[in-house]
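What follows is one structure encoded as structure tokens, with my remarks underneath.
Taken together, the values in this text are just the output of simple stated rules run on the coordinates, not laboratory data. Quantities reported herein were computed from a predicted structural model and do not represent experimental measurements. Cβ: placed from backbone, ideal geometry, glycine included. Neighbour counts: every protein chain shown.
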Amino acid sequence: MRLKSPARPTRRTAPPALAGDTAAPTPSAVRVYTATKRFDRSETDALSHVDLTVPAGSITVLLGPSGCGKTTLLRCIAGLETLTSGRIEIGDVDATDISAEDRGVAMAFQNYALYPNKSVLGNIEFPLRMRRVDRATRRERALRAAELMRLDGLLDRKPSELSGGQRQRVGIGRALVRDPAVLVMDEPFSNLDAALRDTMRAELVTLQRRLGMTVVFVTHDQVEALALADQLVVMRAGRIEQAGPPEDVYRTPATTFVATFLDGMNTFDAEGPFAAGSAPGAATVGCRTDHLRIGTGDGDDIDLRGQVLMAELRGRDRLVHLDIGGRRARMRVPADTRPDGEIALHVRRSDLHYFTADGVRCP
Ligand code: ATP
């Protein structure tokens, strides 16, 4: 099963050029054609027939559970792994056999391994030193990258004298200093606390808009994925399960896997509590946690009864665990609502999602 909707133009408009951005990279699209990767001594494909277009100047997020192939796809794009078969184009160039150094792809990882004895500026300019860029140019570009990452006041500090977020910014500054056509990031914020992650995400989007960069970002966190993506790619077992604008993937999951992974959607056998509302041919009925509502419905709604098992506070919401006709379900209600015991529930027929026995969305 391989489902894919064509990539749409980015929803973010290109920002006006800023003074000082004159050396900004020209973003390149990345195109992956039927990419398959099987590691030596492995009996399964880590990537299997992956087709993907990453539009230039936008953020594509690869999302999926552990082991689904996100990092492998990222490393193949960066040139750190070679494909077993298939092709990768960066810009208009066939990059399949081009080395990592010559692809124009910069990388930022969870463990960004800064040089402990080098200053912030020394760390940022290091990739240019490796490429024997002359001193004046090196300095100018490193200062520009440091300014972009708001590290101007910290240039002489050593990594041990920085906070986690500042170290992360040095890692990204070092990736940007080469003016890459494409920036790939593998869970770059996963070592940071929740508040700092939010800040770093916002900074990344601001920077990406300002420079118009092409970014491929790996995460297994659906909140992060929805927050960042212009294009969201959900992967499963080495394949792309669904790709498209995040709003579309969230509202119209193509499979039960996407529905449950992205949103924790409730799913029931079509014969179960929602039998009355089932579409012909549906084997599974899905209902989002915020579409189950307390009380009796009207007109076309489907009425149910549920037993409250537990209610967890989730900030503004409360997640209520229910037993509906012997099946477990979850419902999201405002935090000030505290349902208890057996309650009446309803759901709009138009809010239900229908899937075939193969887990594919019914037309
Ligand atoms: P995670 O979120 O846990 O990092 P992932 O989605 O990034 O997971 P990958 O790291 O791409 O997953 O791994 C995909 C599959 O390839 C896994 O089954 C993994 O065990 C396998 N794999 C990855 N690297 C190698 C390697 N160097 N040699 C053999 N198998 C590998």
Query raised in the report: Between M310 and D358, what is the label-to-label distance in nm when each label sits 7 Å out along the Cα-to-Cβ direction?
Result: 3.7
Report task. Name the residues whose placed amide hydrogens come within less than 5 Å of the amide hydrogen of Y354, ignoring near sequence neighbours (fewer than 5 apart) on the same chain. Result -> G286, C362
Query raised in the report: If you count the DSSP beta bridges with both ends in the chain, what percent of them are antiparallel, to the nearest 5?
Result: 70
Query raised in the report: Measuring from a point 7 Å past the Cα of S99 along Cα-to-C-beta, which residues in the range 129-161 have an amide N at less than 12 Å?
Result: 131
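Ordered by packing density, taken as the mean number of other Cβ atoms within 10 Å over each peptide's residues, highest first, how do 256-264, 78-86 rank?
Details: 256-264: 19.8, 78-86: 17.2.
Highest to lowest by the protection proxy: 256-264, 78-86.
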Query raised in the report: Can you list, largest first and rounded to whole Å, the semi-axes you get for the chain by taking the square root of 5 times each eigenvalue of its Cα gyration tensor?
Result: 44, 24, 17
Report summary line: Helix 194-211: inclination vs the chain longest Cα principal axis, degrees, rounded to 10, gives 60
Query raised in the report: Considering only V308, T296, V285, whose Cα is most displaced toward the positive end of the charge dipole of the range 275-314, charges sitting on Cβ of Lys, Arg (+1) and Asp, Glu (-1)?
Result: V308
Requested in this report: Treat each spin label as a single point 7 Å out from the Cα along the C-beta direction, and report the T296 to A195 distance in nm.
Outcome: 4.8
Query raised in the report: When you count, for each residue, the other Cβ atoms within 10 Å and take the mean per peptide, how do 91-103, 109-121 rank with the highest first?
Result: 109-121, 91-103
Report task. Could you bin all the Cα-Cα distances of the range 264-355 into 10 Å bins starting at 0 and give me the percent of pairs in each, rounded to whole numbers? Result -> 18, 53, 26, 4
Report summary line: Sorted on mean Cβ neighbours within 10 Å (highest first), peptides 302-314, 238-250 come out as 238-250, 302-314
Query raised in the report: Can you give me the Cα centroid spacing of the range 158-206 and the range 258-332 in angstrom?
Result: 39
Query - Sum of -39500 (n - 2.57) over DSSP H runs of 4+, divided by residues of the chain (222 nm, nearest 500) - result: -7000 deg cm²/dmol
Report task. List the residues of the range 320-356 whose backbone N lies under 18 Å from a point placed 7 Å from the Cα of D303 along the Cα-to-Cβ direction. Result -> 324-325, 342-350
Query raised in the report: What is the local net charge at K70, summed over the other residues whose Cβ is closer than 15 Å to its Cβ (Lys, Arg +1; Asp, Glu -1)?
Result: -3
